[in-house]
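The values are calculated or read from the model by the stated rules, or taken from the named source; none is laboratory data. What you see is a predicted model, and the numbers here were worked out from it, not measured in a lab. Counting neighbours? That spans all protein chains shown, and the Cβs are built from the backbone with ideal geometry, glycine included. To get the accessible areas, we keep the full protein, side chains included, count just its heavy atoms, and leave off ligands, DNA and RNA. Shrake-Rupley method; radii C 1.70, N 1.55, O 1.52, S 1.80 Å.
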Amino acid sequence: MAGASRRHDDIAWGGGLLTRIDPRVKIAGTVLLLAVNLYLSSWAFSAALAVAMLLLMTLGHVPYRRQLLAVAFPAGFTIFAVASQALFSGEEVIASLGPVAIHWDGLLAGLVIALRILGGALVVVVLGVSTPMNHLALALRWFRVPLLFVELLQLTYRYLFDIYAEFTRMREAQRVRLGWSNRRAGLESSRLLGGALFVRVYDRGLRAGEAMRCRGSGPVVAGSLGRPGRIDLVSVALLAEFLLIFMNI
Amino acid sequence: MTAMIRIESVSFTYPGGVRALDGVSLEVPRGCFMSLMGANGSGKSTLLKHINGLLLPEAGRVSVAGIAVGKDSFEEVNRRVGFVFQDPNDQIFAPTAREDIGYGPVNLGLPPEEVERRVEEAAAQVGIGELLDRPIHHLSYGQKKRLSIAGVLAMKPDCLVLDEPTASLDPMGEHRLMRILHGLNRNGMTVVMATHDVDLVPLYSQRVCLLRAGRVAVEGELKQVFADRELIERCRLRLPRIASLFEQLPGITELPLTVGMARRRLERLMEEDGPLLAAARTLLETEGESH
Amino acid sequence: MHIPEGMLPAGQAAAWYAPAAAFVAGGIVQVKRRLARAAEYKAMLGLMAAFVFVVSLMPVPVPGIGTVSHPCGTPLAAILLGPFAAVLVGAVALLMQALFFAHGGITTWGANILSMAVAGSFAGYGTYVLARRLGLGLGAAAGLAGFLGDLATYGVTSLQLALGLHGDQSIPVVWATAFVSFLPTQVPLAIAEGLFTAGVLVFIARQREDILKGVELAP
Ligand SMILES: Nc1ncnc2c1ncn2[C@@H]1O[C@H](COP(=O)(O)OP(=O)(O)O)[C@@H](O)[C@H]1O
Ligand SMILES: [Mg+2]
């Protein structure tokens with residue numbers, strides 16, 4: 001989380017152009033685009049999706065260099081997708097080594113999956129950098145996602161940064177006493193760190209629970225979504241336009 | 001003699017874009033007790049973390065006992081520097097005090113008997129010898145604070161670096177802790193401590209470094225730094241209370257910074273007789289006006 | 001093993017949602033029953049999900065093999081909270097990882113819940129309970145639970161990949177291929193998970209026995 005996600009999430013809170021779009025529109029749009037991305041499974045659509053998302057982030061002044069790094073994370077999977085397709089499907093052999101053969105058409109199919117991953121992952125990134133957690137929670141409630149689940153999402157988000165900061169400080173305190181200077185020490189330190197962190201999280205859970213009871217244990221989702229505005233109409237129109245173009249070709 | 005800690009034009013910016021240090025240079029002589037002062041957010045913690053390499057400068061250099069602080073020297077540097085975090089809860093993670101103090105020595109690769117010897121010794125140094133086998137959650141905050149110091153003393157460092165060691169301690173706990181640090185310092189330990197407690201600093205520090213918005217506002221001997229009230233206030237700190245009291249008296253040039261200094265000054269004034277009466281009169285007059 | 005967004009074909013991505021939703025619903029029902037007695041338990045669960053999230057960022061060195069892995073934390077959560085609550089906690093953590101890091105995805109969320117949260121929790125929990133019944137100590141049982149919980153996750157993930165990507169080949173062959181090709185990263189991970197789970201549980205048992213009694217389980 002350290003760098004990447006903090007930035008991810010900070011951008012969302014930044015209140016830029018993309019943040020101002022109604023979260024319901026963003027969620028529905030995300031699901032729709034991801035579904036079409038899988039359903040069409042065409043290199044043209046996935047590539048266009050990736051370009052469109054990069055454009056969107058440029059328009060929204062999202063500094064997306066880090067986000068691209070995040071997308072590079074599934075590189076191992078992407079390679080596996082391409083390799084497995086090239087090896088396991090297709091007819092047209094371009095190279096072979098004993099029983100193992102690389103197929104040209106399989107390779108192309110694998111590249112389509114790679115593009116699908118790229119385009120799809122960028123759509124998720126755009127949702128991530130443009131939607132603060134409380135917007136997301138309200139919108140999920142609007143879509144009838146179970147209250148308990150949404151509450152948990154909110155609570156987890158609330159505590160995540162505190163616990164991460166605590167984790168970092170404790171790990172630093174171990175490092176300065178040379179707790180991570182070799183493998184054996186590191187193993188022992190990870191055990192202590194996990195245990196001590198758990199104990200603190202548990203105690204904090206009890207305290208938070210008490211505080212919650214003192215104030216009535218109500219639902220942890222509050223506020224309301226504004227009425228959709230012009231920016232939402234424009235977003236929906238752009239989305240429809242984008243989909244129409246690709247449905248027709 | 002040579003400097004224990006040498007910091008040369010260090011700058012540092014946090015990932016979020018906050019420039020926490022801006023060209024800081026500072027030398028801490030061997031055996032010195034130095035207080036690093038500054039308001040909240042002035043960069044004290046950030047600077048301390050540069051001393052033992054928890055943070056690495058984006059520009060500038062740091063060295064400790066002649067060793068350049070860097071990624072590769074982290075272990076060597078941290079054998080020399082005992083770093084005490086602000087919140088002892090962050091630093092204590094073992095189930096009992098004994099295991100926690102032993103954590104560093106074990107990581108140093110010492111044999112069990114030596115670890116045990118160091119644990120006993122360090123615990124005695126901070127006065128928690130009888131608490132060694134208690135679980136941590138039975139200790140008070142002050143005891144945990146002392147335990148966290150024992151944890152680094154057991155590694156036998158050349159210098160101690162402490163981040164706001166007296167924060168959240170009660171007056172007695174604060175006094176006790178400072179006596180411990182003072183004793184260590186008298187036995188040759190270099191001590192650097194971050195704090196904004198202006199009443200405490202003059203009692204123990206030889207040198208003071210004042211930070212303001214990530215820059216060194218002034219660094220020097222205790223009296224020299226506290227002579228400039230305006231500068232201190234610009235750094236969002238204040239004079240010690242006892243100094244403020246004397247400041248209201250006329251004809252006082254060098255302000256006393258501690259109760260002891262003030263008492264000696266009063267005794268001298270009393271011997272001279274005249275000025276004290278005049279001073280008392282002025283004090284009373286100003287009191288009268290303000291009522 | 002977060003399967004990234006876009007990796008699985010449409011039909012399968014949707015199909016994995018059904019069992020995942022069933023388990024998450026099971027988790028919600030069970031947690032709600034507990035909430036009826038103590039509404040503040042949800043604060044504890046929120047914190048636990050945050051814990052699982054943070055722990056998944058912790059590097060755990062694997063002795064002898066020379067790599068560093070990140071534990072999933074689901075077997076541990078299952079032992080401490082019970083498997084259904086752990087599924088719920090895991091599902092929350094997975095959605096946040098997808099949104100924050102692009103680890104995993106939205107259409108693959110169902111598949112990932114099934115492999116990481118469901119398989120990891122139930123295999124971990126089942127192993128733990130069984131091992132304890134067989135008389136193993138706390139540490140050994142927890143270590144085994146972490147190890148097998150991780151391998152179960154990995155087995156399900158590679159099955160999902162095989163089903164999605166087998167092309168013209170038979171599924172078992174591709175499954176085996178997927179299993180083997182990620183083996184070098186997954187075995188150290190499972191070892192790290194086992195060591196971590198055992199270490200943390202023993203730590204808690206020694207330092208704070210009350211916690212083991214306070215949470216779902218009494219060993
Ligand atoms: N982890 C961090 N990320 C971003 N900014 C930080 C971080 N830690 C400190 N800062 C910022 O750096 C500046 C100096 O902080 P710090 O060194 O903690 O000050 P002090 O210890 O004197 O109170 C502050 O403006 C603070 O907000
Ligand atoms: Mg500080």
- prompt: Is it the case that A:Val221 is assigned to a loop (DSSP other than H, G, I, E, B) and in contact with a helix residue (DSSP H, G or I) (Cβ under 7 Å, 6 or more places away or on another chain)?
  reply: yes
field: Single unsatisfied condition, C:Thr74 versus (1) surrounded by fewer than 24 Cβ atoms within 10 Å (Cβ to Cβ); (2) among the hydroxyl-bearing types (Ser, Thr, Tyr); (3) within 30 Å of A:Arg175 (Cβ to Cβ)
entry: (1)
message: Within region B:133-231, considering only strands (runs of 3 or more DSSP E) that don't extend past its boundaries, which have at least 2 residues that are among the aliphatic types (A, V, I, L, M), within 16 Å of ligand 2 (Cβ to nearest atom) and under 19 Å from B:Val84 (Cα atoms)?
response: B:159-163, B:190-195
field: Out of C:Gly135, C:Gly167, C:Gly126, C:Gly105, sole residue that is open to solvent by 10 Å² or more (accessible area, probe 1.4 Å) and within 11 Å of chain A (Cβ to nearest Cβ)
entry: C:Gly167
- request: Identify the single condition in (1) more than 14 Å from every other protein chain (Cβ to nearest Cβ); (2) within 16 Å of ligand 2 (Cβ to nearest atom); (3) open to solvent by 40 Å² or more (accessible area, probe 1.4 Å); (4) not hydrophobic (A, V, I, L, M, F, W, C) that B:Gly43 does not satisfy, given that it satisfies every other one.
  value: (3)
- request: Run down A:Arg175, A:Arg116, A:Arg158, A:Arg169 and say which single residue is more than 10 Å from chain C (Cβ to nearest Cβ), assigned to a helix (DSSP H, G or I), under 28 Å from C:Leu99 (Cα atoms) and not acidic (Asp, Glu).
  value: A:Arg169
task: Filter region B:174-191 down to residues that are open to solvent by less than 20 Å² (accessible area, probe 1.4 Å) and touching a Ser or Thr at 6+ places or on another chain (Cβ under 8 Å) and give me whichever is farthest from B:Met37 (Cα to Cα).
output: B:Leu177
statement: In region A:178-187, anything in a helix (DSSP H, G or I) and surrounded by fewer than 20 Cβ atoms within 10 Å (Cβ to Cβ) is listed as A:Arg183, A:Arg184, A:Leu187
message: I'm trying to understand the selection: among the residues of region B:107-132, which are more than 14 Å from chain A (Cβ to nearest Cβ), touching a Lys or Arg at 6+ places or on another chain (Cβ under 7 Å) and not in a loop (DSSP other than H, G, I, E, B)?
response: B:Val126
- prompt: Before we move on, is C:Leu144 at pLDDT 85 or above, within 30 Å of A:Leu187 (Cα to Cα) and open to solvent by 10 Å² or more (accessible area, probe 1.4 Å)?
  reply: yes
query: Mind checking whether some residue in region B:154-168 is small (Gly, Ala, Ser), surrounded by fewer than 21 Cβ atoms within 10 Å (Cβ to Cβ) and within 16 Å of ligand 1 (Cβ to nearest atom)?
result: yes
query: Any idea which of A:Arg24, A:Arg65, A:Arg20 is more than 8 Å from chain C (Cβ to nearest Cβ), at pLDDT below 85 and on the phi < 0 side of the Ramachandran plot?
result: A:Arg65
message: For a quick check of your reading of the model, give me the residue pairs whose first member lies in region C:115-142 and is over 21 Å from C:Gly199 (Cβ atoms), whose second is among the charged types (D, E, K, R), with beta-carbon atoms closer than 9 Å and at least 6 apart or on different chains.
response: none
- line: How many residues of region C:33-59 are touching a Pro at 6+ places or on another chain (Cβ under 9 Å) and within 7 Å of another protein chain (Cβ to nearest Cβ)? The answer is 2
query: Just one of the numbered conditions (1) outside any loop (DSSP other than H, G, I, E, B); (2) within 9 Å of another protein chain (Cβ to nearest Cβ) is not true of A:Leu239; which one?
result: (2)
query: Out of all the residues in region B:6-15, is one or more surrounded by fewer than 24 Cβ atoms within 10 Å (Cβ to Cβ), within 16 Å of ligand 2 (Cβ to nearest atom) and modelled with pLDDT of 95 or more?
result: yes
- prompt: In this structure, does B:Ser35 turn out to be more than 11 Å from ligand 1 (Cβ to nearest atom), hydroxyl-bearing (Ser, Thr, Tyr) and crowded, with 22+ Cβ neighbours inside 10 Å?
  reply: yes
field: Residue count, region B:61-89 (criterion: within 16 Å of ligand 1 (Cβ to nearest atom), free of Cβ contacts under 8 Å to residues at least 60 places away in the same chain and either surrounded by fewer than 24 Cβ atoms within 10 Å (Cβ to Cβ) or acidic (Asp, Glu) (or both))
entry: 1
- line: Note on region C:62-83: residues at pLDDT 80 or above and either in a strand (DSSP E or B) or among the hydroxyl-bearing types (Ser, Thr, Tyr) (or both) are C:Thr74
message: Residue under question is C:Val202, and the condition is that it be more than 18 Å from the chain's Cα centre (by Cα), crowded, with 22+ Cβ neighbours inside 10 Å and within 14 Å of another protein chain (Cβ to nearest Cβ); does it hold?
response: no
- prompt: How about region B:190-206: which of its residues are within 16 Å of ligand 1 (Cβ to nearest atom) and of a type in the set (Asp, Glu)?
  reply: B:Asp197
task: Identify all residues within region C:179-199 that are under 13 Å from A:Arg191 (Cα atoms) and open to solvent by 30 Å² or more (accessible area, probe 1.4 Å); write none if there are none.
output: C:Leu195
